[in-house]
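Participant: Below is one structure. I have some questions about it.
The values are calculated or read from the model by the stated rules, or taken from the named source; none is laboratory data. Here the structure is a predicted model, which means the values were calculated and not measured. Backbone-built Cβ (ideal geometry, glycine too); neighbour counts: all protein chains shown. Protein only, heavy atoms only, side chains kept; ligands, DNA and RNA dropped before computing areas. Shrake-Rupley method; radii C 1.70, N 1.55, O 1.52, S 1.80 Å.
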Amino acid sequence: MDNLGVPQGPVLVTGGAGYIGSHTVRALERRGVPVIVLDNLSTGHRAAVKVPLEVVDLADRAALGRVFMAYRPTAVIHFAARAYVGESVGDPSRYYRENVINTWNLLEAMRAAACRDIVFSSTCATYGDPVRVPIDETHPQQPISPYGRTKLHMEHMMQDYGRAYGLRWAALRYFNAAGASRDGDLGEHHEPETHLIPLVLGVAQGKRPEILIFGDDYDTPDGTCIRDYVHVDDLADAHLRALSKLQQGSPELVCNLGTGNGFSVREVIEAARRITGHAIPARITPRRAGDPSRLVSGGTRARELLGWTPRTTAIEDIVSDAWRFHRAFPNGYSF
Ligand code: UFG
């Protein structure tokens with residue numbers, strides 16, 4: 001943690017049974033910080049949690065209040081949210097309810113319990129179609145999906161609560177979370193799975209016959225979309241740093257979390273072929289609606305403010321960590 005020190009607990013982690021949440025819980029535990037997970041297990045996995053777990057939905061304000069009374073957390077790390085762009089277009093109501101209203105419930109529970117520090121999962125989807133790449137934190141925020149818009153509303157809510165009620169908050173805008181814990185027992189398992197790397201590795205495992213490449217006519221060197229894949233353990237580390245920074249008195253923090261390196265869909269598939277030794281058949285299909293051609297993080301804020309530099313940046317290393325988890329748990333957490 002360099003000079004930022006270890007966060008003070010107990011820390012309540014919402015969505016701690018999910019992909020990035022479970023890795024962050026592990027990082028807190030490693031540093032001896034008491035952690036409580038609050039998760040409704042709608043997409044998270046009980047098997048990913050080894051600390052006290054409260055199976056509570058953020059819509060249940062009474063239960064939320066009881067959890068704050070019982071554990072008296074000094075801080076919250078808030079992952080719980082819906083995060084499927086396509087689903088948000090078809091069912092925005094669910095996104096406004098589960099992302100925006102449930103975050104309001106959480107902030108009210110924090111106010112009632114005098115808990116004033118929150119680190120929150122935001123996303124590069126709040127920027128929308130980039131007007132310039134790399135994308136730094138001053139890039140205009142014009143999200144193009146209900147998902148991105150709900151995350152932006154959540155950022156604004158925290159900013160307003162900060163000014164009015166003294167909430168100290170950090171919004172971490174992730175690029176493409178990827179990889180799996182070095183220990184090999186935590187990883188990515190979504191139902192349904194929509195993300196490129198687990199889908200590609202699923203082909204290598206024989207779960208799917210081929211990977212579909214959504215468009216090869218983009219304005220990129222090989223025609224496929226470029227993304228900034230950031231290792232989930234590096235994301236976890238950034239959350240701890242952000243929390244320490246708030247606890248040292250910073251009122252608000254907004255940082256991109258990416259590596260600054262972009263890899264194309266074809267480059268990811270090539271890396272997976274090398275690592276798995278499997279041919280991984282691929283087929284070009286039309287573009288997926290709403291995919292910008294290039295999303296790469298810019299800016300130096302995370303380094304300057306948090307002392308954060310991602311440790312794992314080579315796509316081979318990221319895919320290789322994900323592969324270790326996929327091989328150890330071919331059915332994810334559904335043993
Ligand atoms: N892709 C394919 N085939 C697939 C799946 C994905 O070609 O079967 C491509 C996509 O078109 C995209 C790239 O692989 O170009 C990465 O796609 P992912 O679905 O893995 O990730 P996204 O970039 O779409 O999504 C990420 C986050 C979202 C966030 C979004 C912002 O997971 O939460 O970036 O655009 F909203």
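Participant: Say a paramagnetic label sat at a point 7 Å from the Cα of A63, along Cα to Cβ; which residues of the range 105-139 have their backbone N under 19 Å from it?
Facilitator: 105-110
Participant: What's the center-to-center distance, using Cα atoms, between the range 266-280 and the range 10-25 in Å?
Facilitator: Centre-to-centre (Cα) distance: 30 Å.
Participant: On to the next question. For the range 98-232, with every protein chain kept in place, what is the accessible area per residue (1.4 Å probe, Å²)?
Facilitator: Solvent-accessible surface per residue comes out at 37 Å².
Participant: Percent relative contact order of the range 1-134, based on C-alpha pairs within less than 8 angstrom and at least six residues apart?
Facilitator: Worked out over the range 1-134, it gives 25 percent.
Participant: Any chance you could get the radius of gyration and Dmax over the Cα atoms of the chain, in Å?
Facilitator: 19.0, 57
Participant: Can you tell which of L28, A81, Y96 lies farthest toward the positive end of the dipole of the range 1-121, using +1 and -1 charges on the Cβ of basic and acidic side chains (Lys, Arg; Asp, Glu)?
Facilitator: L28
Participant: Quick one: compute the contact order of the chain, relative version, from alpha carbon pairs under 8 angstrom and 6+ residues apart, as a percent.
Facilitator: With pairs under 8 Å counted, the relative contact order is 20 percent.
Participant: Something else about it: Can you tell me what share of the DSSP beta bridges in the chain is antiparallel? A percent to the nearest 5 is fine.
Facilitator: Once the DSSP bridges in the chain are tallied, antiparallel ones form about 5 percent.
Participant: What residues qualify as long-range amide H neighbours of A75, i.e. H under 5 Å apart, gap of 5 or more or another chain, H built at 1.01 Å from N?
Facilitator: Amide H to amide H, under 5 Å and 5 or more residues apart or across chains, A75 pairs with L12.
Participant: With the full set of protein chains in place, find how many percent of the accessible area of the range 227-297 is carbon and sulfur; take the probe as 1.4 Å.
Facilitator: With neighbouring chains kept in place, the figure for the range 227-297 is 47 percent.
Participant: Another question, if that's okay. Please give the charge dipole size of the range 12-114, origin at the Cα centre, charges +1 on K and R Cβ atoms and -1 on D and E Cβ atoms. Round to the nearest 20 debye.
Facilitator: Once rounded to the nearest 20, the dipole reads 340 debye.
Participant: Which value in deg cm²/dmol, rounded to the nearest 500, describes the helix-derived mean residue ellipticity at 222 nm for the chain, given -39,500 (n - 2.57) per DSSP H run of n ≥ 4 and division by the residue count?
Facilitator: -11000 deg cm²/dmol
Participant: What distance in nm lies between label points placed 7 Å from Cα along the C-beta direction at A279 and D217?
Facilitator: 2.8
Participant: Cα gyration tensor of the range 269-335, axes a ≥ b ≥ c as square roots of the eigenvalues: rounded (a/c below 1.5), prolate (a/b > b/c) or oblate?
Facilitator: Note, shape of the range 269-335 comes out oblate.
Participant: Could you provide, to the nearest whole Å², the per residue accessible area of the range 241-329 with probe 1.4 Å?
Facilitator: 46
Participant: In whole Å, what is the distance between the alpha-carbon centres of the range 289-335 and the range 55-85?
Facilitator: One Cα centre to the other: 26 Å.
Participant: If I compute solvent accessible area with a 1.4 Å probe over the protein chains, what percent of it on the range 50-114 is carbon and sulfur?
Facilitator: Accessible surface attributable to carbon and sulfur in the range 50-114 totals 58 percent.
Participant: Hey, another quick one. Excluding same-chain residues fewer than 8 positions from K151, which lysines have a Cα within less than 27 Å of its Cα?
Facilitator: Cα-Cα hits under 27 Å: K245.
Participant: Can you bin the range 106-203 into rounded, prolate or oblate? Criterion: square roots of the alpha carbon gyration tensor eigenvalues sorted a ≥ b ≥ c, rounded for a/c under 1.5, prolate for a/b above b/c, oblate for the rest.
Facilitator: oblate
Participant: Now for a different question. Given charges of +1 on the Cβ of Lys and Arg and -1 on the Cβ of Asp and Glu, with all other atoms neutral, how large is the dipole of the range 114-186 about its Cα centre, in debye to the nearest 20?
Facilitator: Roughly 180 debye, rounded to the nearest 20.
Participant: Now a separate question. About the Cα centre, and with charges only on the beta carbon of Lys, Arg (+1) and Asp, Glu (-1), how big is the dipole of the chain? Nearest 20 debye, please.
Facilitator: Its charge dipole is roughly 560 debye.
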